[in-house]
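Here, each number is a calculation from the coordinates, and none is a lab measurement. Every value quoted in this text rests on a predicted model; they were computed, and no experiment measured them. Note: ideal-geometry Cβ built from the backbone for every residue, glycine included; neighbour counts use all protein chains shown.
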Amino acid sequence: MEKAVLNVKKLKVTQGMNGSYSHNGELAIDIGYDCEYFKAPFTGVIKRIYTKTNTVWLESLDKVKYADGTEDYMTVMTTHDNSVTSLYVGKVIKQGEIYYQPGVKGEATGSHIHLGVGKGKFTGNGWSRGKYQPKIKGYAYPINNQYDITKALFVHTDVKQTNPMYDWKETSDYIYNKPVSNTKYLNLKPEVSSWKVYKTNKYYNPKKDSDILMKVNPKKFNGLSYKIYEDMGNYHFKIKTVNNGYGYIAGNPNKYSCTITDKPTYKNGNY
């Protein structure tokens with residue numbers, strides 16, 4: 001079972017739940033533009049896209065672990081991305097995969113992500129006018145079956161919080177109860193002489209060499225195989241190196257000289 005995890009680059013809540021500006025009666029938050037992206041809190045499927053505000057509803061494929069201990073399906077609603085052309089109803093998004101960004105589409109005074117959480121599966125058309133809200137332009141619609149976000153979502157420990165408005169429950173991982181029967185291996189082909197392994201799961205866009213844990217040389221060892229300890233989404237994996245412990249690596253077989261298999265292809269590596 002997956003934990004439902006809020007993971008953005010920076011978390012600055014610019015308007016909280018029941019905020020007087022436009023959240024009256026709504027358990028939603030606005031996350032400032034410097035969050036840069038929004039990762040899927042769980043593996044889910046897109047149920048609806050409302051293009052006037054680029055609002056997207058993502059429903060979990062299975063029950064997830066809530067921050068308050070609840071185990072149930074979850075639906076998250078995000079609003080204001082400037083473009084959602086890469087998304088469509090029925091698309092499956094893996095947990096930890098970036099699929100949404102801050103923007104100003106719709107009623108927005110500045111670039112941000114409007115986030116709401118619904119308990120359970122997607123219902124109706126996804127939202128409705130809140131009974132405490134005035135019927136005037138500019139007030140956001142609450143997601144159906146809205147739920148206190150701090151009770152729903154864990155916050156990943158990698159997230160940098162700015163002037164925290166809430167006391168979030170933190171987690172350093174995504175998986176609550178990871179099945180052991182679905183072990184996979186990342187195999188780096190021997191034609192590559194250098195492959196970067198990073199210190200944190202922010203490795204996908206490194207800005208400095210100090211983010212690099214080490215470089216491995218598949219060519220030197222006639223290929224390297226690594227057990228995948230955690231799938232971070234979007235072909236980003238947590239592995240364990242022989243000399244430097246755990247690290248994070250990119251391994252998309254559609255782009256790079258690697259494969260993902262049920263058994264290790266090469267004798268060297270760590271498995």
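Here are a few things to note about the model shown:
- Note on His236, His80: ascending count of other Cβ atoms within 10 Å places them as His236, His80, the fewest first.
- For Ile143, distant residues with modelled amide H under 5 Å away: none
- Structure note, pairs Lys240/Lys267; Lys199/Lys240; Lys184/Lys240; Lys39/Lys196; Lys199/Lys267; Lys94/Lys238: Cα-Cα distances above 19 angstrom occur for Lys39/Lys196; Lys199/Lys267.
- In whole angstrom, the chain maps to an equivalent ellipsoid with semi-axes of 38, 18, 17, each derived as √(5λ) from the alpha carbon gyration tensor and ordered largest first.
- Counted by Cβ distance under 11 Å from Thr75, the other residues give a net charge of +2, where Lys and Arg count +1 and Asp and Glu count -1.
- The calculated FRET efficiency for Asp72 paired with Lys267, based on their beta-carbon distance and R0 = 45 Å, is about 0.50.
- Spacing of the modelled spin labels on Ser257 and Asn243, each 7 Å from Cα toward Cβ, amounts to 2.1 nm.
- Calculated from backbone phi, Karplus (6.51, -1.76, 1.60) coupling profile of segment 152-169 in Hz, x at Gly/Pro: 9, 10, 6, 10, 5, 5, 6, 6, 8, 9, 10, 6, x, 8, 10, 9, 7, 8
- Listed peptides 6-16, 250-260, 105-115 by packing density, highest first (mean Cβ within 10 Å): 6-16, 105-115, 250-260
- Footprinting exposure proxy for Phe221, Phe154, Phe42 (fewest neighbouring C-beta atoms within 10 Å first): Phe221, Phe154, Phe42
- Approximate spin-label separation Lys10-Thr157, in nm, with each point projected 7 Å along Cα-to-Cβ: 2.3 nm
- Listed from fewest to most Cβ neighbours within 10 Å, the set Ser194, Ser60, Ser210, Ser128 follows the order Ser210, Ser194, Ser128, Ser60.
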